Amino acid sequence: MAYTRHLLRYSAAPAAAIIVSNFFNYKDGSERDKFPNIQILNGKRMVSCEAKISTNGHATGTRTDDKPSIMKEEKIQINSKIPVDPTSTTTIPSTSTPVPDESKDKKDQEEDAKSKLFHGLFPLRQLWKPQVEYPLWDNNWDDRKPPSAGDRQKDHEHNRHVRKNGVTRHIILIRHGQYDETHREDEKRILTPLGREQAELTGQRLAEIIRGIQIDERFGPCHVSAIRVSNMTRAKETANIIASFLPDSVERAEPDADLNEGRPCHHIPGGRASETKVRQIDDGHARIEQAFKKYIHRADPPPPMEIESEKEKTMDSPAGEENTKDPQNGDIAAKPKEEQPKMLAAAPVSSTEQQQQQSNPNPHHEFEIIVCHANVIRYFLCRALQIPPEAW
């Protein structure tokens, strides 16, 4: 007959006491009437005991089990900081302490582990946490929001000026062409003939976009400032083919490993993530998020002085007139609006300004090309739209 004894410190009374509980495993409680001092709890029999505690920290006592004729005296070492009365003797009924259930402990551990998962799919720590609760819009999504002037009207004027005179950045994301997937080494995973053809067609189309449509000024030439690429072979090969169709004015940036293929986050719908996927996201998320912040952001705002100068022009000019510069002496003179076109037409245009107009005919729009990978593009798109990247 197996039993387990638990020692508990009891400090409800002035004198410290010991509770010695003996639990006997029975199939049923049939002996309950035979021994009234035995209590049945959860199918286990509990026995009473008597303990005497002395000042030296020892306790002696007797316990009574299911056979009254058997008595046993035990000496138990305890650690008690409570002052005790050496003459006190306390009879304490045993209390019920559940026997540790290993199967239950294992189940609790599984529940604890499951509670740290996002709906049982992947570790909660890998869930994207936006700065502003979704679906609210984060105005400082790229950490480039200008500081407030402390005045609502001034902030409104600044935002209006940026919308009117600022630069709009356009990011063209291109996935590499089809490549040979039979090799594991990156340098051997080169474009197939179809992949090279895809890159050539893409380069030709981009060249057409850059030239613009001459018959419609709304779709005039556009300025591509740079073409960027990851550091993987298939992407670099694709970028080289595309760049061969672009003007020499387009900067060819050095390959950036932050744009390499990887797994930036989990995707929903999807099953429970394997340990391999969890490790891949630990490796890829920070790197690809860094690439997003590096390349996907708003342009720098116009200098604040431009806002003040425009405001001064409006306030200082009489109604119906605007300030124009006299090409003879550079003085500011107020001229009626109807005379402005003639003076502007007569004003000479420097060779530098002509070159700038030719290289960037639409200065309020700037284009960049990024040749990278499918997972990176999916992540960039979700982040730019401020939707949970797990929706990719």
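Some points to look at:
- Hits in the range 157-171 (condition: open to solvent by 70 Å² or more (accessible area, probe 1.4 Å) and within 31 Å of the chain's Cα centre (by Cα)): ASN159, ARG163
- Residues of the range 211-250 that turn out to be open to solvent by 60 Å² or more (accessible area, probe 1.4 Å) and either aromatic (Phe, Trp, Tyr) or under 10 Å from ILE369 (Cα atoms) (or both), as a count: 2
- Conditions (1) under 30 Å from ALA226 (Cα atoms); (2) modelled with pLDDT of 95 or more; number of the one not met by ARG144: (2)
- Residue in the range 231-254 that is nearest to the chain's Cα centre (by Cα), counting only those that are of a type in the set (Gly, Ala, Ser) and modelled with pLDDT of 95 or more: ALA235
- Residue that is farthest from the chain's Cα centre (by Cα) [pool: residues in the range 365-381 that are hydrophobic (A, V, I, L, M, F, W, C), open to solvent by 10 Å² or more (accessible area, probe 1.4 Å) and farther than 15 Å from GLN290 by Cα]: PHE367
- Condition met for GLN178 (within 19 Å of VAL376 (Cα to Cα), free of Cβ contacts under 8 Å to residues at least 40 places away in the same chain and either open to solvent by 50 Å² or more (accessible area, probe 1.4 Å) or of a type outside the set (Ser, Thr, Tyr) (or both)): yes
- Of all residues in the range 122-140 being in a loop (DSSP other than H, G, I, E, B) and touching a helix residue (DSSP H, G or I) at 6+ places or on another chain (Cβ under 8 Å), the one that is nearest to LYS277 (Cα to Cα): LEU127
- Count of residues meeting criterion [closer than 25 Å to TYR179 by Cα and either more than 18 Å from the chain's Cα centre (by Cα) or open to solvent by 60 Å² or more (accessible area, probe 1.4 Å) (or both)] in the range 264-284: 5
So that you can scan it fast, the table gives a plain yes or no per residue for (1) open to solvent by less than 100 Å² (accessible area, probe 1.4 Å); (2) out of contact with any strand residue (DSSP E or B) (no Cβ under 9 Å at 6 or more places or on another chain); (3) closer than 23 Å to GLU368 by Cα:
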site	(1), (2), (3)
TRP141	yes, yes, yes
GLY150	yes, yes, no
LEU173	yes, no, yes
PRO193	yes, yes, no
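- Breaking point among (1) at pLDDT 95 or above; (2) surrounded by 14 or more Cβ atoms within 10 Å (Cβ to Cβ); (3) of a type outside the set (D, E, K, R), for ALA257: (2)
- Within the range 210-241, the residues that satisfy the criterion of being part of a strand (DSSP E or B) and of a type in the set (Val, Ile, Thr) are VAL224, ILE227, VAL229.
- Annotation: GLU321 fulfils all but one of (1) in contact with a strand residue (DSSP E or B) (Cβ under 9 Å, 6 or more places away or on another chain); (2) modelled with pLDDT of 95 or more; the unmet one is (2).
The values are calculated or read from the model by the stated rules, or taken from the named source; none is laboratory data. Not measured: the values here are computed from a predicted model. Every residue, glycine as well, gets a Cβ built from its backbone with ideal geometry; the counts of neighbours run over all protein chains shown. Surface areas here come from the heavy atoms of the whole protein model, side chains and all, with no ligands, DNA or RNA. Shrake-Rupley method; radii C 1.70, N 1.55, O 1.52, S 1.80 Å.
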